[in-house]
Amino acid sequence: MITLLTTWTFGVTLGFVALGVFVSYRLFAFPDITTDGSFTLGAVVTTVLLVAGHHPLPATLAGAAAGAMAGSCTGMLHALLGIEPLLAGILMTTALASVNLVILGRSNVPLSGVPTVLDRAEAVILPLTQALGFTDSATEAARLLAVLAAAMLAVLILYLFFRTSLGTAMRAGGDTPTMARALGRNTSLLTVAGLAIANALVALSGALVAQVQGFADVQMGIGMVVWGMASVYLGAALVGPVRLGGALLATVAGSITFRLLVAAALRAGLDPDWLKLATAVVVLAALVAPRFLSHRPQASAAR
């Protein structure tokens with residue numbers, strides 16, 4: 001039970017990465033490689049502040065704000081200097097590799113004995129999980145409820161924001177920038193704002209993951225953009241075409257499902273050296289499956 005709850009907790013926590021990729025890639029059609037660097041940035045900024053004795057909640061929000069700044073820089077490289085999206089993200093991620101190392105001071109910093117935001121949430125939720133019948137796994141259940149509540153709050157905020165006039169304009173600028181410009185919208189600023197939101201979510205995930213696992217590492221962001229893409233496409237494959245609210249929930253569900261698949265593969269004896277290849281296969285399956293399933297009814301009707 002503890003292993004399953006821990007897997008769910010990591011899946012939900014990494015769901016913020018998936019939400020960030022959903023915003024940048026699905027809503028703005030911007031393949032943002034900054035994800036790898038901003039994930040680590042959120043973790044190292046939060047860790048440094050926690051070790052220095054700051055309150056966990058402001059420290060976590062500071063990590064998310066640092067990610068927003070990184071996303072804004074990527075957006076300005078593209079919107080103001082005309083650099084291609086992929087190259088802008090690569091440049092920013094390369095720069096963040098040095099920034100993260102300088103901020104953290106060394107390659108790895110533990111959080112053992114340092115109060116975290118999950119410890120504060122656990123103190124509040126623990127009586128509830130014990131009342132629900134969790135005994136040995138009450139602590140892990142409390143952590144899961146805490147990150148799940150945070151994820152649902154993020155989904156609600158994103159849903160409400162992107163249904164406002166500004167949020168609708170941002171979505172329109174991502175889908176049809178020519179029409180948005182014709183309506184007098186500054187698509188450059190909309191792109192910068194969208195990437196700031198996306199990378200704030202990614203950095204928030206890094207901040208929470210560092211507190212869940214108890215340390216921050218300068219290499220912990222490697223492959224996060226792949227995780228986010230896999231979660232987005234896996235979630236879309238699970239629910240099919242849905243509106244904005246359903247798509248956001250499906251993205252978090254895709255992250256949880258992907259984490260469960262990874263845990264199941266490792267438990268079944270998969271060599272960790274093959275994990276990246278397995279990840280690529282899952283992404284490929286999530287990309288191909290909807291197309292295959294959409295053609296099956298047509299084939300049946302033809303027969």
Query raised in the report: Quick one: which of Ala43, Ala18, Ala64, Ala68 is in contact with a strand residue (DSSP E or B) (Cβ under 6 Å, 6 or more places away or on another chain) and under 28 Å from Met170 (Cβ atoms)?
Result: Ala43
**Report entry** Filtered residue count, the range 157-171, keeping only those that are without any contact (Cβ under 8 Å) to a residue 60 or more places away in the chain and either assigned to a helix (DSSP H, G or I) or closer than 14 Å to Gly20 by Cβ (or both)
**Finding:** 8
Query raised in the report: Do we find a residue being part of a loop (DSSP other than H, G, I, E, B), under 25 Å from Trp227 (Cβ atoms) and among the small types (Gly, Ala, Ser) anywhere in the range 111-123?
Result: no
Report task. Residues being within 18 Å of Leu190 (Cβ to Cβ), among the aliphatic types (A, V, I, L, M) and within 12 Å of the chain's Cα centre (by Cα): count how many of those fall in the range 22-70. Result -> 1
Requested in this report: Output the qualifying pairs, or none if there are none: Cβ atoms under 8 angstrom, residues six or more apart or on different chains, first residue in the range 3-16 and touching a residue at least 40 places away in the same chain (Cβ under 8 Å), second residue aromatic (Phe, Trp, Tyr).
Outcome: Gly11/Phe258; Leu14/Trp227
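Could you please let me know if Ala149 is surrounded by fewer than 17 Cβ atoms within 10 Å (Cβ to Cβ), more than 26 Å from Ile222 (Cα to Cα) and more than 23 Å from the chain's Cα centre (by Cα)?
Numbers: surrounded by fewer than 17 Cβ atoms within 10 Å (Cβ to Cβ): yes; more than 26 Å from Ile222 (Cα to Cα): yes; more than 23 Å from the chain's Cα centre (by Cα): no.
Taking the combined requirement at face value, the residue does not satisfy it.
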Query - Criterion: small (Gly, Ala, Ser), modelled with pLDDT under 90 and either closer than 16 Å to Ile33 by Cβ or not in a strand (DSSP E or B) (or both) - qualifying residue of Ala250, Ala230 - result: Ala230
Query raised in the report: Is it the case that the range 71-85 has a residue that's in contact with a His (Cβ under 8 Å, 6 or more places away or on another chain), aliphatic (A, V, I, L, M) and on the phi < 0 side of the Ramachandran plot?
Result: no
Requested in this report: Show the residue pairs that are 6+ apart or on different chains and have beta-carbon atoms under 8 Å apart, the first residue being within the range 258-276 and under 13 Å from Thr3 (Cα atoms), the second being loosely packed, with under 15 Cβ neighbours inside 10 Å and among the hydroxyl-bearing types (Ser, Thr, Tyr).
Outcome: Ala263/Thr3
Query raised in the report: Of the residues Thr46, Thr74, which single one is hydroxyl-bearing (Ser, Thr, Tyr), in contact with an Asp or Glu (Cβ under 9 Å, 6 or more places away or on another chain) and closer than 20 Å to Asn199 by Cα?
Result: Thr74
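From the list Gly206, Gly235, exactly one residue is in contact with a Gly (Cβ under 6 Å, 6 or more places away or on another chain), at pLDDT below 90 and either among the charged types (D, E, K, R) or crowded, with 16+ Cβ neighbours inside 10 Å (or both). Which is it? Explain how you work it out, then say what you get.
Working: Gly206 fails: at pLDDT below 90.
Of Gly206, Gly235, the one residue that is in contact with a Gly (Cβ under 6 Å, 6 or more places away or on another chain), at pLDDT below 90 and either among the charged types (D, E, K, R) or crowded, with 16+ Cβ neighbours inside 10 Å (or both) is Gly235.
Looking only at the range 209-226, filter to residues that are small (Gly, Ala, Ser) and farther than 18 Å from Gly89 by Cα; which one of those is modelled with the lowest pLDDT? Let's see the steps before the verdict.
Quick first cut of the range 209-226, residues small (Gly, Ala, Ser) only: 210, 214, 216, 221, 223.
Restricting the remaining residues to those that are farther than 18 Å from Gly89 by Cα gives 210, 214, 216.
On the way: Ala210: 94, Gly214: 91, Ala216: 94.
Selected residue: Gly214.
Take the residues of the range 108-143 that are polar (S, T, N, Q) and surrounded by 19 or more Cβ atoms within 10 Å (Cβ to Cβ): which is modelled with the highest pLDDT? Spell out the reasoning first.
To start, the set of residues in the range 108-143 that are polar (S, T, N, Q) comprises 108, 112, 116, 129-130, 135, 137, 139.
Now narrow it down to the ones that are surrounded by 19 or more Cβ atoms within 10 Å (Cβ to Cβ): 116, 129.
On the way: Thr116: 92, Thr129: 82.
It comes out as Thr116.
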Report task. Look through the range 191-225, keep the residues that are of a type in the set (A, V, I, L, M) and in a loop (DSSP other than H, G, I, E, B), and return whichever of them is nearest to Glu122 (Cα to Cα). Result -> Met220
Query raised in the report: Taking interchain pairs and intrachain pairs at least six residues apart, which have beta carbon atoms under 9 angstrom, with the first residue in the range 65-77 and touching a residue at least 40 places away in the same chain (Cβ under 8 Å) and the second among the charged types (D, E, K, R) and surrounded by fewer than 21 Cβ atoms within 10 Å (Cβ to Cβ)?
Result: none
Report task. Answer yes if at least one residue in the range 129-147 is free of Cβ contacts under 8 Å to residues at least 60 places away in the same chain, part of a helix (DSSP H, G or I) and either in contact with a Cys (Cβ under 8 Å, 6 or more places away or on another chain) or under 30 Å from Arg26 (Cα atoms) (or both), and no otherwise. Result -> yes
Report summary line: Residue hits (the range 197-250; touching a Ser or Thr at 6+ places or on another chain (Cβ under 7 Å), of a type in the set (S, T, N, Q) and within 16 Å of Thr13 (Cβ to Cβ)) are Ser205, Gln211, Ser231
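The values are calculated or read from the model by the stated rules, or taken from the named source; none is laboratory data. Since the structure is predicted, the reported quantities are computational estimates derived from the model, not experimental observations. Cβ coordinates were reconstructed from backbone atoms using ideal geometry, including for glycine residues, and neighbour counts include every protein chain displayed.
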